[in-house]
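Structure first, then comments.
The values are calculated or read from the model by the stated rules, or taken from the named source; none is laboratory data. Predicted, not measured: the structure shown is a model, and the values here were computed from it. Glycine gets a Cβ as well: all are built from the backbone with ideal geometry, and neighbour counts include every protein chain shown.
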Amino acid sequence: MNYISRRTDLVATIALAVIVFCAGYGWAQEDAMVTFQALKPNISLHEPVLIQFVVHNGSPQKIMFDLGFNRKSNFDITVIQPDGVRINVPSLNHEGVGRRGEVSLETDQTYTQVLLLDEWYDFNKIGIYEIQIKLRGSLQTESGTPVLTKLSTKLHIHIEPSNNQQLEQICRELTKTALESPAEKAMEAGEALSYIRDPIAVPFLAEVLKNSPFVKSLAIVGLTRIRDAQSVEVLINALKSRDPELQLLIQRGLHQIENETKDPNLKRRIADALER
């Protein structure tokens, strides 16, 4: 009984010391929570790898944090491949037009964002991947006091053998969203579709390239990533577009495929198309 009492007193003393330490060094208590969660921890090869990032402000004060350029560049990601090789993935670049990264949350507000990990890394092998992900920087109160909360986590994603039927259904759903949704959701769907590096995605990317009001450029990028005979034909046919900016993007995509492919027939087909 005395042992339990002394132990309880010791725990209380340590807890009090931690609180005093945090207050003394200007740290707010942990009233905010940051979580990362795999939307599907088991997926087939070439499916988009999606992580849900959530920040909830349970504190009585407004909090602020910075996600970096386009709300993506301040995430640090390390991937341990199925073969055990550790890859420190480079941060996303700051080129082009993107959203500002600063986010603020009032009390009881929650910020949610889905991260497409394929933007950072190509999950092109079957097996179990360990993903270590961290938000760089800190959460702060409006007065600039850092909020003491965990900003990193470790996840596991199991890439299973390809499932063509499932992948086709995912392509169909993303295409529908890209064609029928407002700009922001259409962009998210178009981005995910553009990272499906599989010939199954080609007819869906072709449909987006032809009919999308917002994400034609993403369809071109996706077709360029696949770089097979079918995707090349879609890009060549799209050269007939009367939009000069679109034509330029297609030409760049075809030049990229021409430089990267080892197929002499594909090189010849692209060269002939670009000379016309």
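The residues of region 146-174 that are loosely packed, with under 14 Cβ neighbours inside 10 Å, modelled with pLDDT of 95 or more and assigned to a loop (DSSP other than H, G, I, E, B) amount to a single one, PRO161. Scanning region 48-65 for residues that are within 16 Å of the chain's Cα centre (by Cα) and either closer than 13 Å to LEU151 by Cβ or not β-branched (Val, Ile, Thr) (or both) turns up PRO48, LEU50, GLN52, PHE53, VAL54. Close Cβ contacts (under 7 Å, 6 or more residues apart or on different chains) running from residues in region 229-240 that are surrounded by 14 or more Cβ atoms within 10 Å (Cβ to Cβ) to residues that are in a helix (DSSP H, G or I) and among the polar types (S, T, N, Q) comprise LEU239/GLN247.
Of the listed requirements (1) without any contact (Cβ under 8 Å) to a residue 40 or more places away in the chain; (2) assigned to a helix (DSSP H, G or I); (3) out of contact with any Cys (no Cβ under 7 Å at 6 or more places or on another chain), PHE204 misses just one: (3). Remark: SER143 falls outside the filter, which requires a residue to be at negative phi, at pLDDT below 95 and within 17 Å of the chain's Cα centre (by Cα).
Could you pull out the residue among ILE126, ILE87, ILE80 that is among the hydrophobic types (A, V, I, L, M, F, W, C) and surrounded by 15 or more Cβ atoms within 10 Å (Cβ to Cβ)? When all the criteria are applied, what remains is ILE80. Would you check if LYS185 is outside the structural domain of PRO48 (by TED's automatic domain parsing), in a helix (DSSP H, G or I) and basic (Lys, Arg)? So LYS185 passes the test. Restricted to strands (runs of 3 or more DSSP E) entirely inside region 1-107, those with at least 1 residues that are touching a Ser or Thr at 6+ places or on another chain (Cβ under 8 Å), assigned by TED's automatic domain parsing to the domain that holds THR153 and at pLDDT 95 or above are 32-38, 42-44, 50-57, 63-66, 75-80, 86-89. With respect to ALA273, determine if the residue is within 13 Å of LEU174 (Cα to Cα), assigned to a helix (DSSP H, G or I) and aliphatic (A, V, I, L, M). Answer is no for this residue. Yes or no: SER217 in the same structural domain as LEU266 (by TED's automatic domain parsing), farther than 15 Å from PRO48 by Cα and among the small types (Gly, Ala, Ser)? Criteria met by SER217.
Residues checked against (1) modelled with pLDDT under 95; (2) under 28 Å from TYR121 (Cβ atoms):
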residue: ALA229; (1), (2): no, yes
residue: LEU235; (1), (2): no, yes
residue: LEU249; (1), (2): no, yes
residue: ILE257; (1), (2): no, yes
residue: ASN265; (1), (2): no, no
residue: ALA271; (1), (2): no, no
residue: LEU274; (1), (2): yes, no
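If you take the residues of region 190-224 that are farther than 20 Å from ASN164 by Cβ and in contact with a Lys or Arg (Cβ under 9 Å, 6 or more places away or on another chain), which of them is surrounded by the most Cβ atoms within 10 Å (Cβ to Cβ)? The qualifying residue surrounded by the most Cβ atoms within 10 Å (Cβ to Cβ) is ALA219. Taken as a whole, the condition of being at negative phi and surrounded by fewer than 16 Cβ atoms within 10 Å (Cβ to Cβ) does not apply to ILE131. Residue count for region 46-60 satisfying the condition of being touching a strand residue (DSSP E or B) at 6+ places or on another chain (Cβ under 8 Å) and crowded, with 17+ Cβ neighbours inside 10 Å: 9.
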